[in-house]
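Inspection log for the structure reproduced underneath, given as structure tokens.
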Amino acid sequence: MTGLSDAGDGPSDGPSDGPSDGPSDGLTALAVSMADAVECLTTLWSVAAQGASVRLSSHQLRALRVMEAEPGINLTTLAVRMDIGLPAASRLCDRLEAAALLERELHPRNRRVVRLHVTKQGRQALDEVAWRRSRRLAVALGAMEPADAEALGRGLRGFLAALDAGTGDEGGTG
């Protein structure tokens, strides 16, 4: 947890804490609560992934998800999507290929281009991690009051819609 449960005790939002310079105190407190929740979700996410039959790092899982979303992606594009260097992406793919989760294929018209594909075993690993994560989330949601769970769902849909509209892109990803 961030330990910032009381928004008034945290660092300032910027050079000036005036009401016209940023979100209201209520929104700041909500943002701090969301940050705490995201930290808890990240831990839940990681623990669920580590319990899978194929243990993968968060980078390996992310690489597999990127490749699953963009079949045939090349190494350079994978590195860009993951915001890592080309040598790191290459080593990552070497490990995934050694574990039979990824296969490399030469492009039929340009032999200098290598396309990356998730294997059947890789898709099974992704499916297992997704299932374990969903199950853990369902347990947590089941412990909530139904009205709170429904309100959370509505709030998340609204939050995602705001991000899609471009309002969540101002400060970067931190």
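The values are calculated or read from the model by the stated rules, or taken from the named source; none is laboratory data. These numbers were taken from a predicted model, which means no experiment stands behind them. As a convention, Cβ positions derive from the backbone with ideal geometry for all residues, glycine included, and neighbour counts pool all protein chains shown. Quick note on the areas: whole protein, heavy atoms, side chains included, nothing else; ligands and nucleic acids left out. Shrake-Rupley method; radii C 1.70, N 1.55, O 1.52, S 1.80 Å.
Some observations on this one:
- Environment charge at LEU156 (Cβ cut-off 13 Å; Lys +1, Arg +1, Asp -1, Glu -1): -1
- For the range 144-150, putting each phi into the Karplus relation 6.51 cos²θ - 1.76 cosθ + 1.60 with θ = phi - 60° gives couplings of 7, 5, x, 5, 5, 5, 5 Hz, in residue order, rounded to whole numbers and with x for Gly and Pro.
- Summed side-chain charge close to VAL139 - residues other than VAL139 whose Cβ falls under 13 Å, Lys, Arg +1, Asp, Glu -1: +4
- Average accessible surface area per residue within the range 61-174, 1.4 Å rolling probe, Å²: 68 Å²
- Using a Förster distance of 22 Å, the FRET efficiency for MET34-ARG62 (Cβ separation, nearest 0.05): 0.55
- Atom-type composition of the exposed protein surface of the range 12-143 places 56 percent of the accessible area on carbon and sulfur (1.4 angstrom probe).
- Table column - 3J(HN,Hα) (Hz), the range 71-88, Karplus curve with 6.51, -1.76, 1.60, x for Gly and Pro: x, x, 4, 9, 4, 4, 5, 4, 4, 5, 4, 8, 6, 10, x, 4, x, 5
- Taken along its three principal axes, the alpha carbon spread of the range 50-164 comes to 57, 34, 23 Å, from the longest extent down to the shortest.
- Taking θ as phi - 60° and the Karplus parameters 6.51, -1.76 and 1.60, the scalar couplings of the range 29-43 work out to 4, 5, 4, 5, 4, 5, 4, 4, 5, 5, 4, 5, 5, 4, 5 Hz in sequence order, x denoting glycine and proline.
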